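Enquirer: Quick one: the structure is below, questions incoming.
Any read-out appearing in this document is the output of simple, stated calculations on the displayed coordinates, not a laboratory observation. Just so we're clear, the structure is a prediction, and the values are computed from it rather than from any experiment. Please note: Cβ atoms are built from the backbone with ideal geometry, for glycine as well, and neighbour counts cover all protein chains shown.
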Amino acid sequence: MSILCQTTARQENQAAGLLRIATLPGHRGYGSVIHYRGFLVIQTVSTTPFNDQKPGTSGLRKKVKIFQQPRYAENFIQSVFDSLDGFAGQTLVLGGDGRYLNREVIQIAMKMAAANGFGRVLVGQGGILSTPAASNLIRKAGAFGGLVLSASHNPGGPDEDFGIKYNVSNGGPAPEKVTDAIHARTLEIDSYRIIDAPDVDLDSIGISQLGDMTVEVVDPVALYAELMESLFDFPAIKALIAGGFTLSFDSMSAVTGPYATEIFEKRLGAPAGTVQNGTPLPDFGHHHPDPNLVHAKQLYDRMMASDAPDFGAASDGDGDRNLIIGRHSYVTPSDSLAVLAANAHLAPGYAAGLKGIARSMPTSGAADRVAEKLGIPLYETPTGWKFFGNLLDAGMATICGEESAGTGSDHVREKDGIWAVLLWLNILAVRKQSVVDIMAEHWATYGRNYYARHDYEAIAKDKADALMAALRDKLTTLPGMVNSGGTIKAADDFAYTDPTDQSVSKNQGVRVLFEDGSRVVMRLSGTGTEGATLRVYIERYMGVDGDLGLETGDALAPLIAAAQEVADIAGYTGMDKPSVIT
Ligand code: G16
């Protein structure tokens with residue numbers, strides 16, 4: 001017989017009144033069948049499909065108002081469960097970045113997990129788990145999978161974004177075959193299962209029962225901090241900081257606050273105040289938690305000031321992205337991946353060397369040159385961390401990275417913002433050089449990939465689709481054509497065959513490749529929630545004998561013009577310049 005629930009006084013009050021899922025009205029009452037398991041009421045609630053629940057680059061991301069529609073979150077969560085086999089009695093990890101709706105959806109997901117037969121839920125205290133910490137917890141606990149509630153770098157709040165992503169037992173985002181199955185299920189779902197029980201107290205660490213299911217509220221930081229300590233030379237970094245090295249980490253009022261405070265200030269001895277905006281807020285303090293030069297301008301300005309710290313970094317809403325800025329020196333994510341790969345052996349966790357490097361297709365080729373020098377394979381995958389999972393599981397790659405400010409390794413199956421910062425700090429502690437000097441030496445050794453991404457945001461979807469369709473139509477006519485960028489050598493729509501299971505992913509972005517090795521890549525973002533976002537990635541390689549000290553904008557100007565000539569961006573979008581340049 002089930003124990004009904006160990007409830008707190010607060011929960012009893014909630015149970016007596018309306019449960020806190022009032023912000024998601026109507027989850028009961030759409031016609032339900034009631035079953036009893038012990039004292040526990042399991043409801044099978046009738047529903048009808050929503051036709052907009054196709055997971056994007058990284059899970060389902062929508063405006064909060066869309067998630068607040070009756071049955072919307074429930075439909076998606078049930079579709080996830082319906083697409084999985086064999087989880088009865090197993091563990092589900094649950095947590096999110098603390099954004100608006102996080103707690104409410106966690107309560108719903110727990111009650112649905114209990115009604116669907118999971119044996120245990122591990123949930124971060126306060127509903128908090130950074131994405132890499134969730135990945136670690138799934139792996140360490142041997143969980144069946146996890147639900148990560150986040151819209152990552154997208155803004156939060158009642159009028160902003162929310163998201164749900166399912167991660168599989170390796171700790172990584174569900175691969176395409178799983179997300180396709182989830183999407184198919186969302187289109188035919190006719191009921192979901194949920195128990196009728198008071199909310200679980202998310203704020204106290206401890207164990208309680210939700211029907212037959214155990215709920216463990218766990219410290220979201222401890223296990224992750226331990227993992228970091230096992231990979232990096234904390235005493236060396238601590239000595240660097242004690243010797244006067246200064247750093248500034250901007251958590252952007254998002255999930256990394258507690259992680260960064262524990263690791264940088266408590267364990268590594270950085271002074272209080274090193275972590276800025278360190279309290280996770282449901283609306284990220286009205287900021288956009290995307291660690292780029294536009295949204296992390298506060299940090300950028302601090303790093304460009306005459307009294308700048310030695311090292312600055314930021315992370316995003318859910319803690320998987322990173323921004324690295326040395327004193328007076330911004331490091332592009334593509335260059336950061338290359339430097340980390342070239343120097344990873346300086347950290348204890350990677351002393352044995354790398355098995356391979358993987359990067360997404362639009363990421364610059366800087367890491368390719370490192371792989372070549374190290375004599376290890378380089379894998380080029382479509383955009384989306386989920387494509388790295390198989391390579392990491394197969395031991396084919398150790399370090400992965402993306403131009404979109406994500407870097408990570410085989411320690412978890414997500415990109416990891418704090419991990420990237422710690423690897424940089426470990427390298428700085430060993431090399432005892434400034435970021436500027438490390439970059440200069442890197443370019444002098446490998447040459448420099450000048451690189452920028454231009455985003456055209458909130459374009460009408462039909463216009464964006466028309467632009468891409470026209471571009472795809474002319475692909476065969478482009479080779480041999482001469483424009484501002486030079487002579488076009490080849491043009492294609494990137495397709496990827498996963499070397500581990502031979503699965504094929506097509507239409508992953510248009511590439512226009514020039515004879516001198518420069519390229520322009522265009523694709524539509526899979527993470528936006530408003531209209532469409534066109535991403536234009538521009539890259540020009542300069543060998544070691546070329547000019548390595550150009551301004552990026554100057555170095556790329558001919559290719560920026562070429563992108564306009566090939567795709568008529570202004571004509572389709574009505575925008576004469578991008579909304580964001582990173
Ligand atoms: C997600 C994915 C990344 C991807 C990024 C941008 O990041 O995990 O792999 O590079 O989106 O995708 P898009 O260009 O389609 O918007 P995150 O940090 O949002 O989870």
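Enquirer: When DSSP beta bridges are limited to those with both residues in the range 223-446, what percentage is antiparallel, rounded to the nearest 5?
Expert: Bridges in the range 223-446 are about 50 percent antiparallel.
Enquirer: Based on the Cβ-Cβ distance of E188 and A470, what FRET efficiency does E = 1/(1 + (r/R0)^6) give at R0 = 25 Å, to the nearest 0.05?
Expert: Calculated transfer efficiency: 0.15.
Enquirer: Could I ask something else about it? Only bridges with both residues in the chain count here: give the DSSP antiparallel percent, nearest 5.
Expert: Details: 73 of 101 bridges.
The antiparallel fraction comes to roughly 70 percent.
Enquirer: What Kirkwood radius, in Å to one decimal, follows from the Cα pairs of the chain? Please report the intermediate quantities before stating the final value.
Expert: On the way: mean 1/r = 0.0407 Å⁻¹.
Roughly 24.6 Å, rounded to one decimal.
Enquirer: Also, I was wondering about something else. What FRET efficiency, computed as 1/(1 + (r/R0)^6) with R0 = 41 Å and r the Cβ-Cβ distance, is obtained for A181 and V544, rounded to the nearest 0.05?
Expert: 0.25
Enquirer: For the range 223-446, take N as its residue count and report Rg(C-alpha) divided by 2.2 N^0.38 Å.
Expert: 0.94
Enquirer: Can you sort V580, V121 by how many other beta carbons sit within 10 Å, fewest first?
Expert: Exposure proxy ranking, most exposed first: V580, V121.
Enquirer: Residues with amide H under 5 Å of G326's amide H, sequence separation 5 or more or different chain, H placed in the peptide plane at 1.01 Å from N; which?
Expert: G312, V331
Enquirer: Could I ask something else about it? Arranged by the count of other C-beta atoms within 10 angstrom, fewest first, what order do S150, S518 take?
Expert: Least crowded to most crowded, the residues run S518, S150.
Enquirer: Using 7 Å Cα-to-Cβ label points, what is the D576/A272 separation (nm, one decimal)?
Expert: 5.2
Enquirer: Related question: Give me the number: length gained by fully extending E229 to I207, i.e. 0.36 nm times residue separation minus the C-alpha to C-alpha distance, one decimal in nm.
Expert: Taking E229 through I207 to full extension adds about 5.2 nm, to one decimal.
Enquirer: Taking neighbour counts of Cβ atoms within 10 Å as a proxy for exposure, in what order, fewest first, do L137, L391 appear?
Expert: L391, L137
Enquirer: When only Cα pairs under 8 Å and 6 or more residues apart are kept, what is the percent relative contact order across the chain?
Expert: Relative contact order comes out at 13 percent.
Enquirer: What pairs from K297/K506; K63/K463; K54/K474; K297/K432; K140/K355; K111/K386 go past 32 Å between their alpha carbons?
Expert: Beyond 32 Å: K297/K506.
Enquirer: I'd like the Karplus ³J(HN,Hα) series for the range 213-224: coefficients 6.51, -1.76, 1.60, θ = phi - 60°, whole numbers in Hz, and an x wherever there's a Gly or Pro.
Expert: These are the phi-based 3J(HN,Hα) values: 9, 8, 10, 10, 8, 10, 5, x, 9, 4, 5, 5 Hz.
Enquirer: With a bin width of 10 angstrom, please list the P(r) values of the range 243-300 as percents of all Cα-Cα pairs, from the 0 bin to the one holding the largest distance.
Expert: 25, 50, 23, 2
Enquirer: Another question, if that's okay. Whole-Hz Karplus ³J(HN,Hα) for the range 243-251, in order, using 6.51 cos²θ - 1.76 cosθ + 1.60 and θ = phi - 60°, x for Gly and Pro?
Expert: In residue order, the calculated couplings are x, x, 5, 10, 9, 9, 10, 9, 7 Hz.
Enquirer: Residue by residue through the range 479-496, what is 3J(HN,Hα) from phi via Karplus (6.51 cos²θ - 1.76 cosθ + 1.60, θ = phi - 60°)? Round to whole Hz and write x for glycine and proline.
Expert: These are the phi-based 3J(HN,Hα) values: x, x, 5, 10, 9, 4, x, x, 8, 7, 8, 7, 8, 7, 10, 4, 10, 10 Hz.
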